[in-house]
Amino acid sequence: MSVTPHAGPVTGPSPAPGPAGDGRTARRPLVLRLLARPEVGVLLGALAVLVFFLIAAPSLRQGSSMATVLYQSSTIGIMALPVALLMIGGEFDLSAGVAVISSALTASMLSYQLTVNVWTGVVVALVLSLGVGALNGWMVTRTGLPSFLVTLGTFLILQGVNLAVTKLVTDNVATDDISDMDGFGQAKKIFASSVGIGGVQVKITVFYWLAFAALATWLLLRTRYGNWVFAVGGSAQSARAVGVPVTFTKITLFMLVGLGAWFTGMHNLFSFNTVQSGEGVGQELIYISAAVIGGCLLTGGHGTAIGPVFGAFMFGMVNQGIVFAGWNPDWFKAFLGVMLLGAVLINLWVRRTATRR
C-alpha cells in the first residue's frame, strides 16, 4: 500500500531567521561580507602606514610630497596590476623587472643607432615586449613546466642580453641621450609628462595607474575573460573540462605583463632620456609583493585588481616616508619585509574572520 504525502498548505509557524537557524540561509552581517573582500586587509594596512608616516614625517602632509608618494606608487602599481592578474591566473613572471629595462633599451638604442623617429623604437619595443610575454606563456602551457622556472630562465637571458648588447652597441653600460631626436617631445608628453592640479604637479603615470586599475577591475568582474582568469587559476584541468580556453588565457596574461613592462619602460626612457642596462633586477619581487599584499594568493584563483593598488601605495608611502622622516634609507628593505609579513597575516586574519560563523 502506498502512502500519498499531504500536499496541502503548511499552517505551522515559520522558522524565525537569525541565530536560531542553521546559518545557511541567514544573511551574513555587513562587516563579515566586507571582510570577505581580499582587498580589505591591505586597505586597513595602507591606512595604518599612511597615518604612521603623516605623524612621523610632517612634511608629507604637503601636496607636493603626496604627489611624490603617488608617483612612486604608480611606477610600481602599473606593473603590479598585470602581475596580479597573472597570479590570479595561477602563474608567476620573474622576468617582469628586467623586461621593463629590455623594452626601454630596445626603444632607445634602435632610435639612436638608426637615427630614426623615436616612435619607431617605441613600436618595436612594444612588439618585443609582447613577444617575450607570449613566449613565456607558450613555454609554460606547452611544456607544463612551472612558470617560476620558465620565467627565471627568461630573467637570466634578458639580464645578460641587456648588459652585453648595450656594451656592444654603445661601448657603455647606458644608452645615449635621445632627448634631441624627432618625436621625443611628443612621446614624453604621453609617457612622462606632469599635470598641474591646485598648484601641484602630478605625474601622468598616476592617472594611467588609476585608469588601468579601473580597466583591470572591469575585466575581472564584468567580462567572460575575467571568469576564465579565475577558473584557470583555481584549477586549469577543471577549467579546460568546462570549455575554458586555458592556453589562450595564460598566454594573454603573460602578454599583459609584457604590455605593462613596455609602458613602464617607455616612462623610464622618456623621463630620464637614457637607460642603465643593469637596472630592473629585483623589481619583479616588488611587483609580486605588491600583488600578494593586495590579497592575491600564491596558489592562484583569488584576488582583485584594487588590492594591488593599495599594495603599491604602501610601497610608495614607505619608500618616500623614510626619506621625508629623515631616517636611514638602508632600513627600506627591512620595512618592506615587515610590511609584507604584516599584510599577509592581516589578510589571513581577515579571511578567517570572514568565514567564521
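Values in this text are rule-based calculations from the coordinates and carry no lab data. Fair warning: this is a prediction, and the values are worked out from it, not measured in the lab. In this analysis, Cβ positions are derived from the backbone assuming ideal geometry, glycine residues included, and neighbour counts consider all displayed protein chains.
Here segment 57-212 is assigned +1 on the Cβ of each Lys and Arg and -1 on the Cβ of each Asp and Glu. Its dipole about the Cα centre then comes out at about 360 debye.
With respect to the chain, whose longest principal axis is taken over its alpha-carbon atoms, helix 306-324 is tilted by about 50°. Quick one: grab the alpha carbon gyration tensor of segment 197-275, order the square roots of its eigenvalues as a ≥ b ≥ c, and give me rounded if a/c is under 1.5, else prolate or oblate depending on whether a/b is larger than b/c. Since a/c reaches 1.5 but b/c is at least a/b, the shape of segment 197-275 is classed as oblate.
A dipole drawn for the chain from +1 and -1 charges on Cβ atoms has a positive end, and of Ala107, Phe272, Thr247 the residue lying farthest that way is Thr247.
Annotation: amide H of Lys203 within the under-5 Å range of Val195, sequence separation 5 or more or interchain, hydrogens built in the peptide plane. Indicate the gyration tensor shape class of segment 66-204 (rounded, prolate or oblate), computed on the Cα atoms with a ≥ b ≥ c the square roots of the eigenvalues: a/c under 1.5 is rounded; otherwise a/b larger than b/c is prolate and the rest oblate. Because a/c hits 1.5 or more and a/b fails to exceed b/c, segment 66-204 counts as oblate. Highest GNM mean-square fluctuation among Val124, Val338, Val242, for the chain modelled with Cα contacts below 10 Å: Val242. Charge tally around Gln159: other residues with Cβ under 12 Å, Lys/Arg +1 each, Asp/Glu -1 each, net -2. What does the charge count around Gly300 come to, taking other residues whose C-beta lies under 12 Å from its C-beta (Lys +1, Arg +1, Asp -1, Glu -1)? Around Gly300, the surrounding residues sum to 0.
Where only DSSP H runs of four or more residues are counted, the chain gives -23000 deg cm²/dmol as its mean residue ellipticity at 222 nm, each run worth -39500 (n - 2.57).
Just to confirm the number: angle between the C-alpha axis of helix 246-272 and the first principal axis of the chain, 0 to 90 degrees, nearest 10? Taking the Cα atoms of the chain, the angle to 246-272 is about 40 degrees. Farthest toward the positive end of the dipole of the chain, out of Val257, Ala134, Gly342, is the Cα of Gly342, where the dipole comes from beta carbon charges about the Cα centre. Based on Cα contacts under 8 Å between residues 6+ apart, segment 201-286 shows a relative contact order of 13 percent.
Using the Cβ-Cβ distance between Ile190 and Trp349 with R0 = 41 Å, the FRET efficiency computed as 1/(1 + (r/R0)^6) comes to roughly 0.45. In the list (1) 1.01; (2) 1.18; (3) 1.23, the label attached to Cα Rg over 2.2 N^0.38 Å as derived from the coordinates here is (2). For the chain, the longest principal axis of the alpha carbon atoms and the long axis of helix 332-355 meet at an angle near 20°.
Can you give the charge dipole size of the chain about its Cα centre, rounded to the nearest 20 debye, using +1 on the beta carbon of Lys and Arg and -1 on the beta carbon of Asp and Glu?
In debye, rounded to 20, the chain gives about 1600.
In a fully extended conformation the segment linking Ile197 and Ser59 would gain 47.8 nm over its present Cα-Cα distance, using 0.36 nm per residue. From Cα pairs below 8 angstrom and at least 6 apart in sequence, can you work out the relative contact order of the chain, rounded to a whole percent? Over the chain, the number comes to 35 percent. Extension gain for Arg142-Val51 works out to 28.0 nm (0.36 nm per residue, less the C-alpha to C-alpha distance). For the pair Leu168 and Trp218, the difference between a 0.36 nm per residue extended length and the Cα-Cα distance amounts to 13.6 nm.
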